[in-house]
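**Q** Encoded as structure tokens, here's the structure I'll be asking about.
The values are calculated or read from the model by the stated rules, or taken from the named source; none is laboratory data. Because the structure is predicted, anything quoted here is derived from the model rather than measured. All Cβ positions, glycine included, derive from the backbone under ideal geometry; neighbour counts span all protein chains shown.
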Amino acid sequence: MKHLTAAVGKRPHGGWDPDELKRMKDNCDKYGVVFEAIRMDSDYIKLRKGPQRDREIDTIVGNIRKAAQIGVKIITYHWEVVPHRRNGKIRGRGGAAYDSFKLEKDWKNLPTGDAGRVTHEDYWERITYFLEKIIPAAKENDVRMACHPYDPPGLPFGYQGIDQWDSPAIFEAIKRYESIVNTPYNGFQLDLGTAAAGLKNPATEILPIVQYLGQRGKIHQIHMRNIRGGLHNFYEVFPDEGEMDFLKIMRILRDTQFPGSICPDHMPSHPDDPGGFQAFAFGYGYIKGLIQLVNSEL
């Protein structure tokens, strides 16, 4: 059985279209696919205190109810005030191209984003307000909220005018985030590649993050991609050639009874594979092999 995470269109007032949701659910049922999750947009995090922000909260609560009505159990989201950052390409295996990021020497001179200056206190005030309003509605409707880390985490405060919520240390930020409303309904879409990009030593430092969230039932979906490098200097590679040992991670997921889906993500590109189908087929096969291996150990 395959699992699907989808984005759904918004009506002019911001609410999801129930008819579109039903069509998506019917199509999934037709082909034996579990409509597991929906990605919501991140407009909320750019809003300051005021009636517009409260209207956005009301819309999100309404969308949670709509998701529950068709049986979707997870809503994923990210808090990007500025778009995720990549600023280079590296030639990789078989002529593939690897997206990369290296903190700019002149990063203090980068232009501020459309949202203007956002301090660490601003960011956390908005997050806290969101969680305290949204998580009770999610619990009432049995829908789990899954936050994706900012990509990349650990950027210096003031980068494009923003003090990112998961800077300066992603693990401490994750602990703070999940503790604000301490329930499994407040969890994560844990992107392993993104988390690793905020760590100085991804090979060892990623394992306690997975263990911590897994044993608390707060991982709702996994994005499994690998990187070379780490904090402030990394590039994205195929899953079998990066810093992280996914076999160790898969064993943690098995032992903590992770129930959700594991998805390949940000696979390298190649001119002979313009749609990325071969790369993602490799990613899915790699994940399937890991699952079979760790289950065979029991």
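**Q** Taking into account only those residues within region 144-202 that are among the acidic types (Asp, Glu) and more than 16 Å from Ser42 (Cα to Cα), which is farthest from the chain's Cα centre (by Cα)?
**A** Among residues in region 144-202 that are among the acidic types (Asp, Glu) and more than 16 Å from Ser42 (Cα to Cα), the one farthest from the chain's Cα centre (by Cα) is Asp163.
**Q** Using beta carbons and a limit of 9 Å, which pairs, at least six apart or on different chains, have the first residue in region 78-96 and under 30 Å from Ile38 (Cα atoms) and the second one hydrophobic (A, V, I, L, M, F, W, C) and assigned to a helix (DSSP H, G or I)?
**A** Listed by first residue and then by second, the contacts come to His78/Ile45; Trp79/Ile45; Trp79/Ile127; Trp79/Phe130; Glu80/Ile45; Val81/Ile45.
**Q** Then there's this: When only residues in region 113-132 that are at pLDDT below 95 and of a type outside the set (D, E, K, R) count, which is surrounded by the fewest Cβ atoms within 10 Å (Cβ to Cβ)?
**A** So the residue we want is Gly116.
**Q** Could you run through region 28-66 and say how many residues are basic (Lys, Arg), under 24 Å from Ile262 (Cα atoms) and assigned to a helix (DSSP H, G or I)?
**A** 1
**Q** Answer with yes or no whether Val81 is at pLDDT below 95 and crowded, with 20+ Cβ neighbours inside 10 Å.
**A** Against the criterion (at pLDDT below 95 and crowded, with 20+ Cβ neighbours inside 10 Å), Val81 qualifies.
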